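Novice: Take this structure first; my questions come after.
Derivation of every value follows stated rules applied to the coordinates shown; laboratory data play no part. Note that this is a predicted model, so its numbers are computed, not measured. Heads up, the Cβs are rebuilt from the backbone with ideal geometry, glycines too, and the neighbour counts pull from every protein chain shown.
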Amino acid sequence: MEHHLFEQLLMILVGAVVATTLFRRFNLPPILAYLSIGALLGPYALQVTDPHQMTLMSELGVVFLLFMLGLEFSLPRMIAMRKLVFGLGSLQVILTTLILILISIGLGIEFRGAIVIAGALALSSTAIVTRELLRLNQLAAPHGQLSFGILLFQDLAAVFFLIIVPVLGSDGGEIDTNTLLLSLLQGAGLLLLLMVLGRTILPALFNEIARSRSDEMFVLMALVTALAAAWLTHAAGLSMALGGFLAGMMLGESHYKHQLEADIRPFRDVLLGLFFVTVGMQLNLQTLIDNWYWVILLTLGLMLLKAAIIALVTGRLNHDSRNALRAGLCLSQGGEFGFALLALGLSHAMIDSELNAMITSTIILSMVLTPVLIHFNGPLSAKLLKQPESSPAGDFAPPTLEELNSATAHVENHVIICGFGRVGQIVARFLRPIGIPYIAIDSDPFRTHEAAQAGEPMYYGDARRGDILKAIGADRARLLILTVPDHSESMAALKQIKRNYPDLPVLVRTQDDSKLELYQNAGATEVVPEALEGSLMLVSHILTLLEVPSEEIRSRIDAVRSQRYQMLHGFLHGQRSRKVTDTGTPNELRHPVTLTEGCYATGRTLDSLELKTEVISLRRGDIELGSPPAEELLEAGDILILAGEPSQVEADEERLFSG
């Protein structure tokens, strides 16, 4: 039965809504829901959709996926980590690709198809690995840095594969070296052209649009940029996906990066969902059922091969064997680029649909197993190497309840800050110089990572969980502060706290006074609204409850007012933090930057760097030096806390890494 495009699209969207809802109930990733719906509605099952009619929208989904990955690509960080990126990263990609090509040819696959398969499987999932390492606070750990360096080179290698695959598929089976070289030169030329545009014309356009404070214009400009770059590469005979990635790269260095991510995400999620649906349509379920054992063997073989190559190569380059193996476990899966390369290979008849279904299933299964591997990479590597499971230096994985209880057991008469956004950080800045101990918890993993790097006594946790409150010593605390912006979450936490600790004073911050009576009835000791004066009032109440002399309170708050609230400006951003005010003025932020061995700033003094932001603190190991003098010589491993507008912070971070 044939259906019009509109009917097919409607059925896909309805099915996607139902499937993602069900899969989320079982904590399964949405990608599996999209793939399942595609397989169910596709030509190999119910036959109610045609993948060929969805080709354009699925290609746009890949464009926006690679656009977002391009935004995350950091050229200054790559330059700072050049030894790791171009040494370890290049060896991993080259060795893995060559071995997979030989294996594919040995299994009877033609050379062009072998290149597509090897390229698709050699690259790992940037999105999953960085997200999981960040969630576990392991991105700054040695194995996290090794993984990140390899992923940076894989992003560059993906550009190479996106260029050569269409060329190999357009020559009727013959490989023309001149055509291949010409395409590579075209790709390099387009990259240079787009990078020049990204640093000259586009910033001026986005500045003009930002002044108009028009969200519609900003979104439209972001869409036009991504699609125009995709059209440009397509017109040059290259893939549209390459254009999306290059567009993301050129805008990733601008101070509009975070706003672009927020604006593009809804379009990316919808179109990318359609792309994964079309990938699912290509899955021949009967083929998978008949060859399920091959899929499992291919998945296990792929993950073992990549983990072994990375571990051996990294170990040969004089890295710690355990961290080498941990990086190998983290990067053992296939990635998002694989789907794009397989789609290109299938469209150019370089691989058949049956083989595509098996390789796609292998990538999917490896991606599903990845979060588990990353979560247990420490114990697994210790067991495989027969080493004790002590955590290596630099591993910032969140502690268990027992470890959390042990880490905070010595703290008494402290303040618990639930929610470490702007207000929570302002409170902490008043408590630290007075010498009042405090412990902070927050459910934002990105903010937890940032604050931990900045040396704050902060842990990942939810204020509504009684076991976490008990572990951080709520029964020994003098005061608990709720700064959570969500009303329902804050109210649930308050009721849980007063139920278990009725005598503990609780101060609640709200956005306005509309819920004042509700919080008071629930047992809040004080309820304070938001804004800067509200924050000062909050601090005043806190210090009063902590029995700090009223004259000292007044003098400190008067000092802040006399400095025009300078002390209150800037905060460590979280994943959902607003980067601009309601009037369009950039919010000042504080951002920690860790200097590495290859950084431009390493071995130089602060005054020679001519930074635009203020360096408000320097941490060296366990020592906090406060605001460092201009003649301070910077060392590898130093953590600088920069304060300024987002554009200034990003410019100075680039300056610190690449000069």
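Novice: How would TYR459, TYR293, TYR44 line up from fewest to most surrounding beta-carbon atoms within 10 angstrom? If you can, show how the numbers build up before the last one.
Specialist: Values: TYR459 23, TYR293 8, TYR44 18.
Arranged by neighbour count, lowest to highest, TYR459, TYR293, TYR44 become TYR293, TYR44, TYR459.
Novice: Would region 433-555 count as rounded, prolate or oblate if I go by the C-alpha gyration tensor, calling it rounded below 1.5 in a/c and otherwise prolate when a/b exceeds b/c, oblate otherwise? Walk me through the numbers on the way to the answer.
Specialist: On the way: a/c = 1.31, a/b = 1.05, b/c = 1.24.
Cα axes put region 433-555 in the rounded bin.
Novice: Taking the Cα centre of region 401-568 as the origin, how large is its charge dipole in debye, to the nearest 20, when only Lys and Arg (+1) and Asp and Glu (-1) carry charge on their Cβ atoms? Can you show the working numbers first?
Specialist: Values: 18 positive and 23 negative charges, 29 e Å.
Taking the Cα centre of region 401-568 as origin, the dipole is about 140 debye.
Novice: Sticking with this structure for a sec: In nanometres, what is the gap between the two model label sites at VAL14 and ARG604, each 7 Å from Cα along Cα-to-Cβ?
Specialist: For the pair VAL14/ARG604, the computed spacing is 6.1 nm.
Novice: Ok, one more. Around ALA340, what is the net charge, scoring Lys/Arg as +1 and Asp/Glu as -1 over all other residues with Cβ under 13 Å from its Cβ? It would help to have the intermediate numbers written out before the result.
Specialist: Details: positive: none; negative: GLU59, ASP155, GLU336.
Summing Lys and Arg as +1 and Asp and Glu as -1 gives -3.
Novice: State which entries of LYS470/LYS498; LYS83/LYS306; LYS306/LYS383; LYS83/LYS386 exceed 22 angstrom in Cα-Cα distance in the structure shown.
Specialist: Numbers: LYS470/LYS498 13 Å; LYS83/LYS306 20 Å; LYS306/LYS383 19 Å; LYS83/LYS386 30 Å.
Pairs exceeding 22 Å: LYS83/LYS386.
Novice: So, counting K/R as plus one and D/E as minus one, what does the shell of residues with Cβ under 11 Å around THR314 add up to? Provide the component values of the computation, followed by the final result.
Specialist: Working: positive: ARG316, ARG322, ARG326; negative: ASP320.
Combined, the nearby Lys, Arg, Asp and Glu give +2.
Novice: What does the highest-first list of 320-330, 470-480 look like by mean Cβ count within 10 Å?
Specialist: Working: 320-330: 24.5, 470-480: 19.5.
So the peptides 320-330, 470-480, ranked by packing, come out 320-330, 470-480.
Novice: Using label points projected 7 Å from each Cα along Cα→Cβ, tell me how many nm separate GLU597 and LYS83, to one decimal.
Specialist: 0.3 nm
Novice: Right, here's the next one. Counting only other residues whose beta carbon sits under 11 Å from that of GLU610, what net charge do I get with K and R as +1, D and E as -1? Intermediate values should be presented prior to the final figure.
Specialist: Numbers: positive: ARG604, LYS612, ARG655; negative: ASP607, ASP652.
Counting the neighbours of GLU610, the net charge comes to +1.
Novice: So, one more: What ranking of HIS410, HIS541, HIS487, HIS449 emerges when the number of other C-beta atoms within 10 Å of each C-beta is taken as an exposure proxy, fewest first? Before the final figure, lay out the partial values.
Specialist: Details: HIS410 8, HIS541 19, HIS487 14, HIS449 26.
Fewest to most other Cβ atoms nearby, the residues stand as HIS410, HIS487, HIS541, HIS449.
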